[in-house]
Ligand code: FUB
Ligand code: ZN
C-alpha cells in the first residue's frame, strides 16, 4: 500500500482503488496563543473552531468553583503525592540518581505528564491568582530538565524500560504502555506550548515521536498502540507542527495492518481496541478507556482527512455507545473485569466500573465530534459526562478521587487521595483546567455557545472583527442565560445557542423582543442571524424541570426503576439524607410533585430534590426471596420524603449507601394517593436566577 501525504493536497489510500481526500494544511509556524485545547482552525472538515483558553474569562459559578479547587488544592496535593510515590524520582533516577529505586506500575510516567498538562492549562487560563500561576509555571519548568535528562540520545524516553528491562522495549506492545506514555507526554508538551510559547517539553515529545516514526512502520518494525492515546496526540502534534509524518503515522496505526507481524491474539485486539483496521469495528468492546481514546483519535484523524469510512465507523460506534452502553451519568464501562464495556444493555449499577478516565474520554470524544459537525447531540453527551460521570471523579475538597463511579453502593469507600494506578486524578485535573476552551467555538459564519456558564468571551469572528460576549447565568441551577453581544463594530453573523435536549422549552428574546429561530428543536443549536451592534442583549430561558427518567426496558438491572434528572444533572439518594428510611426499602412516586430546594449550606451549595416516596413498613430484608405478586403488592408502606442530591456530590460526607436508580412505587398512577409528607413546597413558582435567592418551590412536569 502506498501512502502519500502532502498537507494541503491529499491523502491517498490503497493501491487498487486509489482514493484521495484533501488533507488539512497546518502551517508549520502556528501562532501558539491562538490554539485551543484542540486546534482546528486549519482543519478542512471541522465545522467549529474551539477558541483558545485565554479568550475565556470565567465569572463566579459552577465550573469556576470546581476549577478554583483544582488549581488551589488538587494540583499542589497531587504533585506532592506524585513525589511521595516516586513518580518524579523515577525520572531523577535516570538523571544522575541511580541510587533511587523505580517505583509504581509501568505507566507512572503518564501520570506526571497528565499533571503537567493540567498545570499548563491552568497557566494558560485567566482565573488562577498570579501567585498560583507562577508557582505552577515554576514547577513545570523544574520538571522539564528532569524529564529531559532521562531521555536517551536516540529520543527514547520511558522510566520503566531501562537498565535490565531495556531489552524488553517494544516487545509487548499490548501491555507496555510506551505508546500511551508518549501520547501523554506530547499532550502535555502541546498544552505547555499553547500556554507559554515554550517548546521545551514539546521538543522532548517530538524527539521520542520521531524515534518511533523513524523506526516503526510498514517497511520497518511493526507497531500497534496497546493503549490507544498516541493517535490523538499525533494528530494534535501534526496540527501544532504542520509535520505530515505524524498524521501519516496515525493513519498507519489506524490501518491495523500489523496483526500478523505482531502475532496479535484476538483477545488482545478486542481488549486494546486497536490492531485491526479501525474502519472494521462495528461495536464498542474491550477496555473502555482504550476504546474511547481510540475513537477520539480516529475522530481527529477524520477531521484532518475526511476519509468517509472513518465517519461511518464513528457514527456506528457512537450509536452503540449512546443507545446501548452508556450510563445515565455519561460513565462508561460496565465490567470490572478488563475495565471493559459490557454487552448491549449491560449496565449494572452497583457493579459498574465507570472509570473516571472513561468519562473523561467520553467528553474528549464528544468534543471532537461536536467540533467536527456542529451537531448539538454531541454537546448533550459531553455535558452529561462532564457534569456527572467526570465531576463525581473529584471530591468537593479537590483532594479525594473516585476511580470507579458506580450508580449504587452499599457504603463503599469510593474516594481516595491516591491510587497505585493513579490515572484518573490527573485526568480530571487536566480536563477541568482546560474547560474554558470547551465553552465557545467559532465557525465560518459566527459563534457557538456550547456550554452555559457565567463567563465572558473576548475573541474575534473569523473575518477578524473583534467580538466580546458576556454570559450571565446560574446554570446548572437555573436555566436562565443572559448574553451581551458586543462586536467591535456592527457586524452580520450568527449566534448559535445550544438548546439542550433535556430542556422541554427554550425561549429567546433579542433586545427584549421575542425571537423564534427557524428550525428550532431541542437538542440543536438555535441560530440567531442578524446584524449585531455592540451591547445587543439576548436572553435564553431553558425549561428546567425535574424529570423522572427511565431506562430502556432491555436494561434488565434498571427495569422498574427511575432516576431523577434536573437540567444536565443526574441525582442520587444518599442514605444519610433519608430521615431513617432505609435505601433498600424505599420506593419513589416519580409523578408526584417534586420540590426543589437550593441548599447553600450543603455540599458546596446544591439544589436538592424532595420527591415523595414510600418506604416498606417492614424491612424488605425480612420478606422471602420469592413470593406471590399479590402478596408483594399488598405490602404496607408509609409515605416518606426522599431527598436527592446531585450525583457528582456522592461520597463527600462519609461512605454511605447510595442509589441513582430507585424502584418505582407501583401504586403511583400520577394522582397523588399518598401524603407528600414534609415535602410540601411553598408553591413559589418563580425560580430566581440567583441560587442564594432560590427558595423551595414545586416543579410540575
Ligand atoms: O492502563 C493505564 C490506565 O490505567 C488505563 O487508562 C486505565 O483504565 C487504567 O487501567
Ligand atoms: Zn483512570
Filter the stretch 398-410 down to the residues that are more than 16 Å from ligand 1 (Cβ to nearest atom) and either more than 11 Å from residue 650 (Cα to Cα) or not in a loop (DSSP other than H, G, I, E, B) (or both) and list them by number. 398, 399, 400, 408, 409, 410
Matching entry among 196, 241, 279, 171 (being out of contact with any strand residue (DSSP E or B) (no Cβ under 8 Å at 6 or more places or on another chain) and free of Cβ contacts under 8 Å to residues at least 24 places away in the same chain): 171
What is the number of the single condition among (1) on the phi > 0 side of the Ramachandran plot; (2) more than 24 Å from the chain's Cα centre (by Cα); (3) surrounded by 19 or more Cβ atoms within 10 Å (Cβ to Cβ) that residue 580 does not meet? (3)
Search result, residues across the stretch 442-454 that are buried (at least 24 other Cβ atoms within 10 Å of the Cβ) and in a strand (DSSP E or B): 447, 448, 449
Checking the conditions here, which among 381, 428, 363, 390 is under 23 Å from residue 47 (Cα atoms), part of a helix (DSSP H, G or I) and within 15 Å of ligand 1 (Cβ to nearest atom)? 363
Report yes if residue 413 is in a strand (DSSP E or B) and farther than 27 Å from residue 381 by Cα, otherwise no. no
Of the residues 529, 524, 520, 533, which single one is crowded, with 18+ Cβ neighbours inside 10 Å and within 30 Å of residue 374 (Cα to Cα)? 524
Of everything in the stretch 463-481, what is closer than 20 Å to residue 506 by Cβ and either part of a loop (DSSP other than H, G, I, E, B) or modelled with pLDDT under 95 (or both)? Give them in sequence order. 474, 475, 476, 477, 478, 479
For the stretch 258-270, indicate whether the set of residues that are in contact with a strand residue (DSSP E or B) (Cβ under 9 Å, 6 or more places away or on another chain) and in contact (Cβ under 8 Å) with a residue 40 or more places away in the chain is non-empty. no
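The values are calculated or read from the model by the stated rules, or taken from the named source; none is laboratory data. Note that the structure is a prediction, hence the values are computed from the model and not measured. Counting neighbours? That spans all protein chains shown, and the Cβs are built from the backbone with ideal geometry, glycine included.
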